[in-house]
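Below you'll find the structure, written out as structure tokens, and then a few comments.
What follows is calculated from the coordinates using simple rules that are stated; it is not laboratory data. Worth saying up front: this structure is predicted, and the values here are computed from it rather than measured. Here the Cβ positions follow ideal geometry from the backbone for every residue, glycine too, while neighbour counts run over all protein chains shown.
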Amino acid sequence: MSGQKTDHWMVYGILNIVSVVGVAMTDYLINIPSKKEKIIVIVIYILLIQAGMGLNYTSQHLEFITNSYKISNEVMEIAEQLEFVEKPRVLAPEEVAGELREYDTRFAVIYGEGLSFTQENLEQLQIETESYGCNCLVINSEYDNIEFFNSIGFSKIYNTEHYEVYAK
């Protein structure tokens, strides 16, 4: 029990019913004399199990997974652009950095506890990119200042709806 005042006791009642029904159905199946009747009963059991579980066999559930990591399309676009950069060392917002690292482990993504990413203060951002040795930078579009980033050696290589991507 979880220790909380919830209705978890109902699960234990349902489990007893499941085991009793399973034993009764198996006993009935074993005692059927003809093979034809056994096959019919097995098909009925399978249909009942399927109906109870709500299995859904649509084309959506049977197609190949193209984005198995569940990464946003925007981050996938950014990652595809960073593949053209030689040895990318990326400084990005936390939500982008985690997904980038999951998309491709070859990217050296600077993020985590104890590291700072101050995109609101451009001078501080410049210090951070230099101290972490980053050659790629992803910032929110609202903090974009192309003149500043060009002056510190970065060039814009891509932009998405919410992010700007710079590289040296």
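Structural remarks
- Listed peptides 114-121, 92-99 by packing density, highest first (mean Cβ within 10 Å): 92-99, 114-121
- Between amide H atoms placed 1.01 Å from N, distances below 5 Å from Tyr163 occur with Ser141, all of them 5 or more places distant or on a separate chain.
- Segment 63-168: C-alpha gyration tensor shape, a/c 1.5 cut-off, then a/b vs b/c: prolate
- Extension gain, Gln50 to Glu113: 0.36 nm times the residue separation minus the Cα-Cα distance gives 18.0 nm.
- Surrounding net charge for Phe149, when Lys and Arg each add one and Asp and Glu each subtract one, Cβ distance under 9 Å: -2
- In segment 76-139, the trypsin sites (Lys or Arg not before Pro) that fall in loop regions by DSSP, at most 12 other Cβ within 10 Å: Arg106
- Kirkwood Rh in Å, taken over segment 87-146 so that all alpha-carbon pairs contribute: 11.7 Å
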